[in-house]
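So the structure is just underneath, and the comments pick up after that.
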Amino acid sequence: MQIRRVSAEERPVTNLPLSAYAFFPSPVPSETLATQARDHVSYGAGNVTLIAEEAGRTVATVTAIPMRQNVRGRVYPMAGIASVSTHPLARRQGHIRALLPRLLGELRDDGHPISALYPFRSSFYQRFGYIGLPKPPTVSFSPADLAPLLRADLPGEIGWEHIRDGFDGYRGFVDHLLSRRHGFGRLPDHHAARLRDKVDRWLVTARVDGELVGALTYRISDHGADLIGDDLLTTGPLGRALLLQFFARHVDQVARVSVTVDPDEAPEQWLTDLTFVSESRVAFPMSAAPMARVLSIEALAGMPVGPGRVTVTVVDDPLIAGEYLLDGASGELGVSRVGATVPGARVPAATLTVPGLSGLVYGVLDPAELALRGLGTVPDDAAGELRGIFPHRRPYLMAQF
Ligand SMILES: CC(C)(COP(=O)(O)OP(=O)(O)OC[C@H]1O[C@@H](n2cnc3c(N)ncnc32)[C@H](O)[C@@H]1OP(=O)(O)O)[C@@H](O)C(=O)NCCC(=O)NCCS
């Protein structure tokens with residue numbers, strides 16, 4: 001078996017047949033195949049795709065989308081993994097086991113210290129170092145409950161257009177939130193362009209003094225049915241109230257509004273007497289929570305962290321196994337490789353798998369949970385230091401568009 005990187009032009013005959021079989025309805029007419037091939041080249045231009053070949057035939061493929069993600073207040077290049085698929089006759093023969101670490105290593109060497117993906121099954125990607133992140137909940141409610149907002153005099157303006165027309169402003173707002181919100185992700189322009197060109201969505205925006213404070217892409221399923229929103233993006237309560245007021249004006253048009261929200265949102269506080277359902281449904285393969293991992297610890301030096309000093313031995317990973325001294329005394333993560341002993345006073349020590357380490361960095365795991373989940377060995381003194389360096393923070397991975 002031979003592994004090689006393929007160009008955008010080669011993808012329609014190497015990567016696409018496998019990923020189309022795995023992820024799209026099939027078989028399809030040849031005109032549909034031709035459209036898929038055109039889209040594959042134009043919207044995937046900046047991606048990195050590796051294939052495994054046997055006797056000139058593609059047997060497996062993996063792709064990385066060069067994205068960006070905020071981790072604890074700093075924005076990093078992030079490798080978004082997609083299109084992981086193996087030929088149906090070549091599955092369970094170790095092809096992805098060979099391809100994925102190779103792709104992650106190439107992206108790491110190319111300056112991506114982190115990676116994220118949506119798994120078909122979490123246990124598969126935990127083997128490759130990934131840990132689960134929160135699934136942003138969907139909140140649904142009746143616009144009738146928003147009636148008090150109809151009379152509210154809110155200091156802002158609403159804009160409404162097709163996403164095609166408001167695309168640049170929407171992307172600018174996503175960029176703004178990327179710089180502010182832990183966990184937020186951003187697709188590259190070539191990928192997001194699919195939203196502009198292909199997806200049928202309205203765009204509603206809220207502005208105060210000309211500045212965007214809220215935005216939502218959405219569609220209406222039918223008269224008397226649903227207003228189905230994507231991620232409700234806001235900079236704070238005023239942006240959210242302006243968008244809720246916009247929904248209130250749909251009371252005679254739709255029975256229900258649903259939007260995906262930041263996991264830190266508390267709809268109980270949006271409005272008194274708001275009846276709502278907030279649900280986060282995780283199921284495989286179609287409704288998974290995202291996952292993420294660290295690809296380079298050294299490249300995270302300088303990340304805003306809390307106080308603490310600990311040595312960690314990272315195990316079972318071809319990319320980052322080794323022993324590191326982590327120091328948060330300055331408020332920014334200090335990282336150095338260590339040998340058998342650390343100079344100075346005894347430093348608490350822990351042994352971590354990469355999912356365990358990644359869970360701490362992303363703020364989703366407490367050190368005390370690692371041993372329970374088989375993700376590391378963390379004595380109490382090391383747990384205290386790690387808790388200080390990586391305090392719990394809930395990431396919001398919005399990376400749809
Ligand atoms: C999922 C898929 C990509 C796996 O590819 P593969 O080439 O068969 O995987 P490998 O043989 O390299 O297996 C890698 C490891 O995962 C394990 N594994 C394989 N399939 C698994 C599954 N469905 N669930 C959990 N673990 C699995 C293997 O046992 C192996 O473990 P090990 O290396 O630690 O011993 C392939 O079955 C496929 O194309 N499925 C349809 C498309 C799909 O769901 N893609 C993933 C999208 S996120």
Can you tell me the convex hull volume per residue for region 296-389, based on C-alpha atoms, in Å³ to the nearest whole number? 87 Å³
What's the ranking of 236-247, 42-53 by average number of surrounding C-beta atoms within 10 Å, highest first? 236-247, 42-53
Note the direction-averaged projected area, equal to a quarter of the hull surface, for the Cα convex hull of region 212-261, in nm². 3.1 nm²
Whole-Hz couplings from phi, Karplus 6.51/-1.76/1.60, listed for region 352-358; x for Gly and Pro: 10, 7, 5, x, x, 4, 5
For a quick protection proxy, order the peptides 94-101, 212-219 by their average other-Cβ count within 10 Å, most packed first. 212-219, 94-101
For a quick size check, give me the Cα extents of region 2-112 along its three principal axes, largest first, whole Å. 47, 30, 22
Hydrodynamic radius of region 60-204 per Kirkwood, over alpha carbon pairs, in Å: 18.4 Å
Students often check this: by mean Cβ neighbours within 10 Å, which of 313-322, 32-41, 114-123 ranks highest, and how do the rest follow? 114-123, 313-322, 32-41
Hydrodynamic calc, region 138-279: Kirkwood Rh from Cα pairs, then Stokes-Einstein at 4 °C with viscosity 1.567 mPa s, so D in µm² s⁻¹ is 84 µm²/s
Nearest-20 debye value, the chain charge dipole, Cβ charges on Lys, Arg, Asp, Glu: 940 debye
Stokes-Einstein translational diffusion, the chain - Kirkwood Rh over all Cα pairs, 1.002 mPa s, 20 °C, in µm²/s: 93 µm²/s
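Coordinate-derived values only; no laboratory data. As the structure is a prediction and not an experimental result, all values here were calculated from the model. Cβ atoms come from the backbone with ideal geometry, glycine included; neighbour counts cover every protein chain shown.
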